[in-house]
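Asker: Take a look at this one; I'll ask things after.
No value in this document is a laboratory result; all are computed from the given coordinates. Just so you know, these numbers come straight off a predicted model, no measurement behind them. No Cβ is skipped: glycine too gets one built from the backbone with ideal geometry, and neighbour counts run over all protein chains shown.
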Protein chains: 2
Amino acid sequence: MTKKKVSDLMGVKNLLFPYLPVLVGANVDGKPNYITIGLVGWLCYDAVSVSVGHKQYSNAGIRENRTFSINQPTAGMVKELDYCGLYSGRRVDKSILFENFYGELQTAPMIHECPVNLECRVIQVMERSIHTVFIGEIASIYLHEAYLTEGILDVSKVDPVFFAPDKKQGKYSGSYWRLGEYLARAWEVGKDFRSDKKDEARS
Amino acid sequence: MTKKKVSDLMGVKNLLFPYLPVLVGANVDGKPNYITIGLVGWLCYDAVSVSVGHKQYSNAGIRENRTFSINQPTAGMVKELDYCGLYSGRRVDKSILFENFYGELQTAPMIHECPVNLECRVIQVMERSIHTVFIGEIASIYLHEAYLTEGILDVSKVDPVFFAPDKKQGKYSGSYWRLGEYLARAWEVGKDFRSDKKDEARS
């Protein structure tokens, strides 16, 4: 199998797919707005980042309030997810799409219908060529009890949405995907691998 | 449905699941080592972060060379993925697990068997309570041609692995999952949603 070095693929180098797209909430001009974001950073157990285009409507709102929210949609919300990525808050009023609520930070609107909401305080801002990376400390988490099993978030109940690039009629496009089947137990299946290796070494 | 505010769940606030776990490569004492990392940051089209525990074996290697690699495994590599998270490079030699190769940065070992490799140069280091966040600029991408469709990475060919937390016999545990079915076309399915909304407004 040939391994190909690719220096740049349509301006994109960050080819780890699929993404877990989320709805990022921010107050803009005092009103809730939601933007679909694929570039999310899992930085630590209490820190996360979202990357927003420099000229996007939400950018100024996050900058002004220094707060944002991350709202994880279900597969059943894929139309809303896509809609919030297609149309700017400058053109459409996204505050009417969901039941909005606020937490302790008061300026980070959150979506009641989403199974998970993270309310974040901006602690650092990094400017990159295309995006502003807003690094946030997670102030609060909100969970719908219906998506928990034994007090733990249950991904099979959440029914998450993934995004991956593809081509449609020769042009760059993308598609949404669902979570599939259970594969293996973490921190266990690798023990077998070690035994296999030992067996190989013995034989 | 009740929405529950959770201030802290077993020390974890970053409850966006599932993760896309990867194998992070680093030279430690001049030898390839690989560590399984769930905390990955998609920061920009050419920047990415990986968060490594302060005392983990790879941490010193990344710090010393200021390079690392991200290697995405397939579902068929789940044992190797789990193994690299279970055992420290201080105890086991992970340089023998895969066919290693190096790129232009010369000190970031990569895994030939993985469909995607990102070779990264550290541009910033953030210390958090539990993790060091290594922010990297992507120098090169390597792709196996077998995983492309029309020159684009095809997630259905990659057969990616996800990680999500759960409980086993009452204790915190985790499981690996596969990608599921195609759900909808991006930048299109949301257009229907807008029409629906207009129809509602008309009716």
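Asker: Restricting everything to alpha-carbon atoms, can you work out Rg to Rh for segment B:1-119 with a Kirkwood hydrodynamic radius?
Answerer: Answer for segment B:1-119: 1.02.
Asker: For residue A:4, go 7 angstrom from Cα along the Cα-to-Cβ vector, then report the distances to that same point in the other copies in nm, smallest first.
Answerer: 4.8
Asker: Quick check on chain B: helices-only [θ] at 222 nm, where DSSP H runs of length 4 and up contribute -39,500 (n - 2.57) each and the sum goes over total residues. Nearest 500, please. Walk me through the numbers on the way to the answer.
Answerer: Values: 4 runs with 36 residues, N = 203.
Taking each H run of at least 4 residues, the total per residue is -5000 deg cm²/dmol.
Asker: What is the dipole size for chain A, taken about its Cα centre, with +1 at each Lys and Arg Cβ and -1 at each Asp and Glu Cβ, in debye to the nearest 20? Don't skip to the end; give the middle numbers.
Answerer: Numbers: 25 positive and 24 negative charges, 237 e Å.
The dipole magnitude comes to about 1140 debye.
Asker: Once a ≥ b ≥ c are taken as the square roots of the eigenvalues of the Cα gyration tensor of segment B:42-111, is the result rounded (a/c under 1.5), prolate (a/b larger than b/c) or oblate (a/b not larger than b/c)? Numbers along the way, then the final one.
Answerer: Numbers: a/c = 1.37, a/b = 1.19, b/c = 1.16.
Rounded, because the longest to shortest axis ratio a/c is under 1.5.
Asker: From Cα coordinates alone, what are the radius of gyration and Dmax values for segment B:89-148 in angstrom?
Answerer: Gyration radius and largest Cα-Cα distance of segment B:89-148: 13.9, 41 Å.
Asker: Given segment B:83-203 reduced to its alpha-carbon atoms as identical point scatterers, what log10 I(q)/I(0) does the Debye formula return at q = 0.13, 0.14, 0.16, 0.22 Å⁻¹?
Answerer: -0.90, -0.99, -1.16, -1.36
Asker: Based solely on C-alpha atoms, express the radius of gyration and the Dmax of chain A in angstrom.
Answerer: 19.5, 70
Asker: While we're looking at this one, here's another question. Provide an ascending nm list, one decimal, of label-point separations from residue B:170 to the equivalent residue in each further copy; define each label point as 7 Å from Cα along Cα→Cβ.
Answerer: Reported distances to equivalent positions: 6.4 nm.
Asker: How far apart, in nanometres, would the label points at residue B:145 and residue A:5 be if each is projected 7 angstrom from Cα along the Cα-to-Cβ direction?
Answerer: Using points 7 Å along Cα→Cβ, the separation is 1.7 nm.
Asker: Can I ask one more? Can you list, shortest first and in nm, the gaps between the label point of residue A:53 and those of its counterparts in the other copies, using a point 7 Å from Cα in the C-beta direction?
Answerer: Computed spacing set for this position: 4.1 nm.
Asker: Now for a separate question. Over the Cα atoms of the protein assembly as shown, Rg to Rh with Kirkwood Rh, two decimal places? Could you put the intermediate results ahead of the total?
Answerer: On the way: Rg = 20.7 Å, Rh = 21.6 Å.
With Rh from the inverse mean 1/r over Cα pairs, Rg/Rh is 0.96.
Asker: Net charge around residue B:147, counting only other residues with Cβ within less than 13 Å of its Cβ (Lys, Arg = +1; Asp, Glu = -1)?
Answerer: Local charge sum for residue B:147: -3.
Asker: Report the label-to-label distance for residue A:125 and residue B:63 in nanometres (one decimal), using points 7 Å from each Cα along the Cα→Cβ vector.
Answerer: Rounded to a tenth, the inter-label distance reads 3.1 nm.
Asker: Tell me the net charge near residue B:99. Cut-off is 11 Å between Cβ atoms, residue B:99 excluded, with +1 for each Lys or Arg and -1 for each Asp or Glu. Please report the intermediate quantities before stating the final value.
Answerer: Values: positive: A:3; negative: B:113.
Every neighbour counted, the sum reads 0.
Asker: In addition: Let me check I've understood the local charge: for residue A:113, count other residues with C-beta under 9 angstrom from its C-beta, Lys and Arg +1, Asp and Glu -1. What total comes out? Don't jump to the answer; show the numbers that get you there.
Answerer: Details: positive: none; negative: A:80, A:99.
Summing Lys/Arg as +1 and Asp/Glu as -1 gives -2.
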